[in-house]
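Just below is one structure, and these are the notes that go with it.
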Amino acid sequence: VQPVESGGGLVQAGGSLRLSCAASGRTFSNYAMGWFRQAPGKEREFVGGISWGNSIPYYADSVKGRFTISKDNAKNTVYLRMNSLKPEDTGVYSCAARWRVWSAAVSAYDYWGQGTQVTVSS
């Protein structure tokens, strides 16, 4: 499973973006996907995750109520819809895959995308 992110860009505060993470591999539906972000000078942080199948997504408190994760197994793609964006949401957003169940730990994921830049201006 090799994730590839797209959809980043520059947006004003209060705006929205949708990131996509397309993953190769016929067993995509068996994998959990996590979204992470890294701001300049900061450690990578967990944004949210979704387990295999049709499980309910989980979100970090900092994005809960504003971000939505969805998964389309037929398209081997997971999405991160980001609404009400704030300047502190700025960073490189990456998706990652691991077997079956999501985790908030960076080290738990086996496959990572290259990341996509999201910049929120005030």
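The values are calculated or read from the model by the stated rules, or taken from the named source; none is laboratory data. None of these values were measured; they are calculated from a predicted model. Reconstructed Cβ throughout: ideal geometry from the backbone, glycine too, with neighbour counts over all protein chains shown. Just the protein is used for accessible areas: all its heavy atoms, side chains included, with ligands, DNA and RNA removed. Shrake-Rupley method; radii C 1.70, N 1.55, O 1.52, S 1.80 Å.
Summary table below
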| read-out | value |
| --- | --- |
| Among the candidates Ser103, Ser107, residue that is of a type in the set (S, T, N, Q), open to solvent by less than 40 Å² (accessible area, probe 1.4 Å) and either in a helix (DSSP H, G or I) or more than 21 Å from Leu17 (Cβ to Cβ) (or both) | Ser103 |
| Qualifying residues in region 14-28 (those that are surrounded by 14 or more Cβ atoms within 10 Å (Cβ to Cβ) and more than 14 Å from the chain's Cα centre (by Cα)) - the one nearest to Tyr93 (Cα to Cα) | Gly15 |
| Any chance Val92 is in a strand (DSSP E or B) and touching a Leu at 6+ places or on another chain (Cβ under 9 Å) | no |
| Selection count, region 47-68, where residues are over 12 Å from Asp89 (Cα atoms), outside any loop (DSSP other than H, G, I, E, B) and open to solvent by less than 30 Å² (accessible area, probe 1.4 Å) | 3 |
| Lone unmet requirement of (1) open to solvent by less than 30 Å² (accessible area, probe 1.4 Å); (2) at positive phi; (3) in contact (Cβ under 8 Å) with a residue 60 or more places away in the chain for Met33 | (2) |
